[in-house]
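The values are calculated or read from the model by the stated rules, or taken from the named source; none is laboratory data. What you see is a predicted model, and the numbers here were worked out from it, not measured in a lab. Note that we place each Cβ from the backbone using ideal geometry, even for glycine, and neighbour counts take in every protein chain shown.
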Amino acid sequence: MAMPLRERQYYFRDYYDQGEELVLEGQQLRCRLSSKFSMSQTYGGPLAADGPIVIVEQGGEAAEPGNAVLELEYEGTLKPDGYQLEISKDGKITIAASNKRGLKFGMDALIRLISTDGGKCRLPVAVIHDEPSFPVRGIIEGFYGKPWSFEDRMDAVRYIAAHRMNTFMYAPKDDPYHRELWREPYPEEAFARIAELKQECDDQLVDFYYCISPGNDLQFRSKADFASLENKLAAMVSIGVRHFALLMDDIDYELSGDNLHYLERSGLAHAYVANHVYTYLNSQLPGFTLAMCPSEYWSYWDTGYKRDIREQLHASIKVFWTGYSVFAPQIGSRHAQDNHRHYGHELWLWDNIPVNDADYDRLFLDPVRGRYSQLGRTGHQAVVANPMVQWECSKITLNTLAHYMWNSERYMPELSWELSVREFAGALAEEMMFFCRQNLNSQLYSGGYEELKEAVQSKDIDRLDVYFDRLESTVSRLLQWDNSKFKEEAGPWLDRALADVELWRAVRRTVTGAGGGNGTGIGNGNGNGDGDAKESAGPGSSDELRRRAEACQAFKVRLGSDPAWRAAEAWGLAVREEKGGYRLT
């Protein structure tokens, strides 16, 4: 299916066409290659053998006829990862870039534009100029909770590469060798898996960052501790790692004992450690990247800690922050500019979206919102997202973040959400969007659930029947989907949704004394419901209501919409507790 014009105009930074089409014979674009990108006359990116584009051999008996000419060119004025793509009426296609990743993204764009039908290959005659808003774009596996499996990480790397991101940061809080046992070398098997992950990053043109977090118990005067730190880094250097991060977040950063006597203030201490790591890496590698996450990684005001980082930290070291709070609903121009000035270093946004380690009972399935459209002009050169424990479910929000990272100036949350859900769920996009709308990010967004709110506030039983019937049918469809990974991760929430449906039906019977649900639509017909639960309750309704409520409470997860409990509360059958839960009255 051809990429609709509206999506082309949104997805690519600058897209130009005049409605003309290039039509070629065959179901594939068979390109004869001419490369001026380098002396090598090959395309260095991955292409599937059965994909829409094939590079045909030239010259000799094995030569195949091509239906188009692909020219690769070096264009040094383009930003890293940016590209220009031109599709001409005569079958000539040109991709220009300043690095290999730009060539890959240009080829990815070409693949997106291809459509086939009736034995013909079709492309718009178009020119695209596409460059990213941020040089560094990607994911940091930096959450608390069960770390991802290596299979999830490998899939994450491929996902990054396919969505114009370029960075994978390895920093799982509950990997003991990253944090608690930072002095100890990785066991042989675990280290081999990291090396395998690093190789996959290389194959996908993704930068692998190894992150280490020694701040809980590092002794700043200890030569043995620094030797352990260097040994850990040296092991990573030995497998080709060139990008590193020192994380001093979420520690008790008040100095005590010999650390206090030696370095006096935590800002001085953290700059001291980071500078030591920088000096060591500089002695081992001709080119490397080092970022550090300070203990004061959130806030927007100046402090003595930030002054020490500003004045003492090596100028080439990048500094993370998460916004004005750990989960920042907005990151606007003023806070971004102020914190860049306070730290005095290139800032990297560690965006805690869609991470749910502060809400293990929730899934977050909505788009990123509230990020300044011109953040890249305020000293920010990177945006990395911290996903959920549930990798597959994280993809929906991460896709919207990828749109923002690439073109923050044009980013539109609702449109990105629509495109992301459609890409994720295909034919089940409508059902998936309804499920997503039950699971909005409560840390960042207080809107949503308007349809439910109106029905609950008006005690409109007919509308609530429709709502819960739709929830039931949505879950039924998603449980039949062939995405087993999604069903495994989201399964507890899907089951909880069905429990909510049954709780609503028990509430309904309690307040009307009648059956309902499954499309019966039994109600009073005036949209006002019946407000007197006790007088209209049917036989045994209180016992059933209690059973259904206990069934919901037995789940360790909940929907953000809390639909059945909100309905029960509206009729005075339940009250909200301090921690956000409910109980029957």
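Going by the conditions given, is Y262 farther than 20 Å from S213 by Cβ, at pLDDT below 95 and surrounded by fewer than 22 Cβ atoms within 10 Å (Cβ to Cβ)?
Against the criterion (farther than 20 Å from S213 by Cβ, at pLDDT below 95 and surrounded by fewer than 22 Cβ atoms within 10 Å (Cβ to Cβ)), Y262 qualifies.
Looking at segment 281-293, which of its residues are assigned to a helix (DSSP H, G or I) and under 31 Å from the mean Cα position of the chain (by Cα)?
Matches in segment 281-293: L281 only.
Residue by residue through segment 299-355, note down the ones that are within 21 Å of E254 (Cα to Cα) and basic (K, R).
Listed by number, the residues that qualify are K306, R307, R310.
List the strands (runs of 3 or more DSSP E) that sit entirely inside segment 1-120 and contain at least 1 residues that are among the small types (G, A, S) and outside the structural domain of N166 (by TED's automatic domain parsing).
Once the strands (runs of 3 or more DSSP E) in segment 1-120 are filtered for at least 1 residues that are among the small types (G, A, S) and outside the structural domain of N166 (by TED's automatic domain parsing), what remains is 14-25, 29-36, 68-74, 92-97, 115-117.
Here is a yes/no grid of residues against (1) in the same structural domain as D203 (by TED's automatic domain parsing); (2) in contact with a Leu (Cβ under 8 Å, 6 or more places away or on another chain); (3) closer than 16 Å to D225 by Cβ; (4) in a helix (DSSP H, G or I):
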position: L246; (1), (2), (3), (4): yes, yes, yes, no
position: A269; (1), (2), (3), (4): yes, yes, yes, yes
position: T279; (1), (2), (3), (4): yes, no, yes, yes
position: W301; (1), (2), (3), (4): yes, no, no, no
position: Y305; (1), (2), (3), (4): yes, no, no, yes
position: S316; (1), (2), (3), (4): yes, yes, no, no
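Suppose the filter is more than 20 Å from H314 (Cβ to Cβ) and either modelled with pLDDT of 95 or more or surrounded by 14 or more Cβ atoms within 10 Å (Cβ to Cβ) (or both); does F220 pass it?
No; evaluated as a whole, the condition is false for this residue.
In segment 97-118, what count of residues is obtained for those that are touching a residue at least 40 places away in the same chain (Cβ under 8 Å), out of contact with any Pro (no Cβ under 8 Å at 6 or more places or on another chain) and not basic (K, R)?
8
Looking at segment 152-174, can you tell me whether even one residue there is free of Cβ contacts under 8 Å to residues at least 24 places away in the same chain, surrounded by fewer than 23 Cβ atoms within 10 Å (Cβ to Cβ) and within 30 Å of L218 (Cα to Cα)?
No, that holds for no residue.
Please indicate, with yes or no, whether at least one residue in segment 369-382 is of a type outside the set (S, T, Y), in contact with an Asp or Glu (Cβ under 8 Å, 6 or more places away or on another chain) and assigned to a loop (DSSP other than H, G, I, E, B).
The answer is yes; a qualifying residue exists.
Residues that are of a type in the set (D, E, K, R), surrounded by fewer than 17 Cβ atoms within 10 Å (Cβ to Cβ) and either at pLDDT 95 or above or within 30 Å of Q553 (Cβ to Cβ) (or both): does segment 347-365 have at least one?
Yes, some residue in segment 347-365 is of a type in the set (D, E, K, R), surrounded by fewer than 17 Cβ atoms within 10 Å (Cβ to Cβ) and either at pLDDT 95 or above or within 30 Å of Q553 (Cβ to Cβ) (or both).
Within segment 414-451, track down each residue that is without any contact (Cβ under 8 Å) to a residue 40 or more places away in the chain, of a type outside the set (K, R) and part of a helix (DSSP H, G or I).
E418, V421, E423, F424, G426, A427, A429, E430, M433, E450, E451
Could you tell me which numbered condition R377 fails, if it satisfies all but one of (1) under 30 Å from H270 (Cβ atoms); (2) touching a residue at least 12 places away in the same chain (Cβ under 8 Å); (3) surrounded by fewer than 20 Cβ atoms within 10 Å (Cβ to Cβ)?
(2)
Output the residues belonging to segment 224-235 that are more than 19 Å from L268 (Cβ to Cβ) and surrounded by fewer than 18 Cβ atoms within 10 Å (Cβ to Cβ).
Matches in segment 224-235: A224, A227, S228, E230, N231, A234, A235.
On the basis of being among the acidic types (D, E) and without any contact (Cβ under 8 Å) to a residue 60 or more places away in the chain, does D351 make the cut?
yes
Among T94, T77, which is closer than 16 Å to R13 by Cβ and among the polar types (S, T, N, Q)?
Exactly one of T94, T77 is closer than 16 Å to R13 by Cβ and among the polar types (S, T, N, Q), namely T77.
What do you reckon, is L464 buried (at least 17 other Cβ atoms within 10 Å of the Cβ) and part of a loop (DSSP other than H, G, I, E, B)?
no
Quick one: how many residues across segment 49-78 are small (G, A, S), at pLDDT 75 or above and within 36 Å of the chain's Cα centre (by Cα)?
Here the count works out to 2.
From the list N483, N439, which one is under 24 Å from the mean Cα position of the chain (by Cα) and surrounded by fewer than 23 Cβ atoms within 10 Å (Cβ to Cβ)?
N483 is the lone residue from the list that is under 24 Å from the mean Cα position of the chain (by Cα) and surrounded by fewer than 23 Cβ atoms within 10 Å (Cβ to Cβ).
What do you reckon, is L123 at pLDDT 95 or above, more than 25 Å from the chain's Cα centre (by Cα) and of a type in the set (A, V, I, L, M)?
Criteria met by L123.
Given the conditions (1) surrounded by 20 or more Cβ atoms within 10 Å (Cβ to Cβ); (2) assigned to a loop (DSSP other than H, G, I, E, B), which single one is not true for F320?
Result: F320 passes all but (2).
Residues to consider are A506, A537; find the one that is modelled with pLDDT of 95 or more, of a type outside the set (F, W, Y) and more than 36 Å from the chain's Cα centre (by Cα).
A506
Is it the case that E141 is under 24 Å from E488 (Cβ atoms) and among the acidic types (D, E)?
yes
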